[in-house]
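Undergrad: Quick one: structure below, then a few questions.
Please treat every number below as a calculation from the coordinates, not as lab data. Given the structure is predicted, the values throughout are model-derived calculations rather than measurements. Don't worry about glycine lacking a Cβ; one is built from the backbone with ideal geometry, like all the others, and counts go over all protein chains shown.
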Ligand code: GLU
């Protein structure tokens, strides 16, 4: 409690250790832009040997969505950027859900009233609406601030006795911040540098409501202070709040953290913010994990689409930041090493779905075959395919043509099921009157081949083709057709080695029966 109540100046949040927080509101699934915010916080914390804190900002109970908090935690874990401290990981600064810190905020609102930096306001929603409409009629915008606060229904304009009566009668009120309005204010952002703000247009934001709940602004500043946050790294959409937040720190007499506002993620065309609908429209995920709404809507997730977390992290890291070199491939450790807030861009970062796939393709190729085989096995199980083939060998053979594990099936289904039909065009082109004889001869060669491995059968068959002067195409094309059913797939000798002697010969004989 002592820490909680330490309102005096000099209780510095700028201790030695870097402490950053990711402070999402659990109002739905976390957008991929939110994941990037978390990532940049994580990278910055790790680079400086600091702590990455997860705080759940759930003061707005109307917007609370069941499951959203778990979704956030699952996302951070899946991405491999777990938080050091936060919900479920108490390190002396909790609780980490604002709804559980409710009892704290009123004292801070009261302190601002006592110091003349805030005031009670009783204006009803209807009264405010009327002011707005009147202003609009005159072509003006109504702002609750120094222009008119002296004319409105608040503790600056009513007597002390009246104020006490109204408070004790339980009348609804809000506490508003009395924003400074008579100067140009300079706010500092690590990415954007110094920004001059005309304070005369700032409004007196609501900090606290009579239902006992603080608004975002008050809770956020109080918690950043109490949790000794040293750097606030968040989305650009919060930049307009920065002057108020600066003024709040000054009003409390607290040392400010440093701020960094990250550029927005833009649609692939570059115009407008990347929205949750864009993914469905353009066929790429906008969410890290799949999310199902109560209404039965499904938003696709990177995880369920088959992306590897390494690919998502690498892609996100470069959406709005660059290392100053040509390097594009970064492991998480390398990102931690290279990351600098100063190299984060000011302008919006255009989301590029093709680049996302490019990273995925790269990371898929890097995975050990044992891992890929395991993943592929899960997919085969779902399809009720049982096989005696060595899946590690299968995967090694086909992965260069795949971006996702799901592509493995498309690339290798012929290995698990012998062709029952043959591509017509290919048949016309490669199976002619002499092919029967050639294939029958090939069967004899294969029967004799021992051991039946790729190197040996390749050597034997090629030797036979050369000696007999048949021409490679006349053997290899119908052979591929017999094995695969069409003119695709990896090297025929590796296919045969995988299928084994019996199955390979069986397939050639099937083709002879059907096409001969
Ligand atoms: N709760 C805010 C959000 O949902 C946090 C903003 C901040 O980081 O200050 O993004």
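Undergrad: Treating the angle as unsigned and between 0 and 90°, give the value, to the nearest 10°, between the Cα long axis of helix 242-252 and the longest Cα principal axis of the chain.
TA: 50
Undergrad: Separation between the residue 294 and residue 515 pseudo-spin-labels, each 7 Å from Cα along Cα→Cβ, expressed in nm?
TA: Going from the residue 294 label point to the residue 515 one covers 5.9 nm.
Undergrad: Let me know the shape class of segment 344-411, please: from the alpha-carbon gyration tensor, a ≥ b ≥ c as square roots of the eigenvalues, rounded when a/c is under 1.5, otherwise prolate if a/b is greater than b/c, or oblate. List each step's numbers first, then the result.
TA: Values: a/c = 3.28, a/b = 2.57, b/c = 1.28.
Taking the square roots of the gyration eigenvalues as a ≥ b ≥ c, segment 344-411 is prolate.
Undergrad: Further question: Once the piece of chain linking residue 126 and residue 342 is laid out straight, how much longer is it, given 0.36 nm per residue of separation minus the C-alpha distance between them? Provide the component values of the computation, followed by the final result.
TA: Details: separation 216, 0.36 × 216 = 77.76 nm, distance 4.62 nm.
Fully extending the segment from residue 126 to residue 342 adds 73.1 nm.
Undergrad: Taking the Cα-to-Cβ direction at residue 331 and at residue 420 and moving 7 Å from each Cα, how far apart do the two end points lie in nm?
TA: Result for the modelled spin labels: 4.7 nm.
Undergrad: With both bridge residues required to lie in the chain, what share of the DSSP beta bridges run antiparallel, to the nearest 5%? Walk me through the numbers on the way to the answer.
TA: Values: 20 of 36 bridges.
So the antiparallel bridges in the chain amount to around 55 percent.
Undergrad: Rounded to the nearest 500, what is the 222 nm mean residue ellipticity of the chain from helices alone, with -39500 (n - 2.57) per DSSP H run of 4+ residues and division by all residues? Working shown, then result.
TA: Working: 21 runs with 232 residues, N = 516.
When only DSSP H runs of four or more count, the value is -13500 deg cm²/dmol.
Undergrad: Calculate how steeply helix 68-79 sits against the longest principal axis of the alpha-carbon atoms of the chain, using the helix alpha-carbon long axis, and give the answer as 0 to 90 degrees to the nearest 10.
TA: Here the helix axis deviates by roughly 50 degrees.
Undergrad: Modelling each spin label as a point 7 Å along the Cα-to-Cβ direction, I'd like the residue 250/residue 445 distance in nm, to one decimal.
TA: A separation of 8.7 nm, rounded to one decimal place.
Undergrad: Residues of segment 39-73 with amide nitrogen under 16 Å from the 7 Å Cα-to-Cβ point of residue 195?
TA: Counting backbone N atoms under 16 Å from the label point, the list is empty.
Undergrad: When a/c is below 1.5 the answer is rounded, else prolate if a/b is larger than b/c, else oblate, so apply that to segment 400-482 with a ≥ b ≥ c taken from the square roots of the Cα gyration tensor eigenvalues. It would help to have the intermediate numbers written out before the result.
TA: Working: a/c = 2.21, a/b = 1.40, b/c = 1.58.
Because a/c hits 1.5 or more and a/b fails to exceed b/c, segment 400-482 counts as oblate.
Undergrad: Now a separate question. Going highest first, how would you order 98-109, 228-239, 419-430 by mean Cβ packing within 10 Å?
TA: Going from most to least packed, we get 228-239, 98-109, 419-430.
Undergrad: I'd like the FRET efficiency for residue 393 and residue 269, computed as 1/(1 + (r/R0)^6) with the beta carbon distance as r and R0 of 41 Å, rounded to 0.05. The partial results should precede the final answer.
TA: Details: r = 43 Å, r/R0 = 1.06.
My answer for the efficiency is 0.40.
Undergrad: A follow-up question, please. Quick one: Kirkwood hydrodynamic radius for segment 214-262, alpha-carbon pairs, angstrom, one decimal?
TA: Kirkwood hydrodynamic radius for segment 214-262: 10.9 Å.
Undergrad: Cα axis of helix 353-366 to longest principal axis of the chain: angle in degrees, 0 to 90, nearest 10?
TA: Roughly 60 degrees between the two axes.
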